[in-house]
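Remarks on the structure that follows.
The values are calculated or read from the model by the stated rules, or taken from the named source; none is laboratory data. Everything numeric here is computed off the predicted structure, so don't read it as measured data. Cβ coordinates were reconstructed from backbone atoms using ideal geometry, including for glycine residues, and neighbour counts include every protein chain displayed.
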Amino acid sequence: MNNNTDLKDNSCLVTGADSGLGLAVAKRFALQECHTILLCRNKEKGENAVHEIKKETPNASVELIICDLASIKSIQDSLGRFKEKHLGPPAGLKIYFPQQ
């Protein structure tokens, strides 16, 4: 993804978004006016990440989904919540892969 990619009115889901690279990616998406969905295992850390993003980008559209990627049940539950909220018609889904 380059600096000219228009992400406005899109949604991006970022795993591990409560710290490190995941948080940096989530901040970048939020800065580009993309609805940013943080997928985090720890609720407290995820909420802190949401607050940090909102502090840096006050108008950011940020959402937190709690999910433990080591648990099939947690993944299924989280996917169900995500699909209900984001994939109803006429919503679409785009997946961006970082360029190396």
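What to note about this one:
- Some residue of region 7-26 being of a type in the set (Gly, Ala, Ser), buried (at least 18 other Cβ atoms within 10 Å of the Cβ), touching a residue at least 40 places away in the same chain (Cβ under 8 Å) and under 20 Å from residue 79 (Cβ atoms): yes
- Hey, residue 79 modelled with pLDDT under 90 and under 15 Å from residue 12 (Cα atoms) or not: yes
- Screening residue 62 against (1) in contact (Cβ under 8 Å) with a residue 40 or more places away in the chain; (2) in contact with a helix residue (DSSP H, G or I) (Cβ under 6 Å, 6 or more places away or on another chain) leaves a single unmet condition, (1).
- Residue within region 36-53 that is surrounded by 12 or more Cβ atoms within 10 Å (Cβ to Cβ), modelled with pLDDT under 90 and part of a helix (DSSP H, G or I) present: no
- Within region 54-72, considering residues that are closer than 18 Å to residue 82 by Cβ and of a type in the set (Ser, Thr, Tyr), the one surrounded by the most Cβ atoms within 10 Å (Cβ to Cβ): 61
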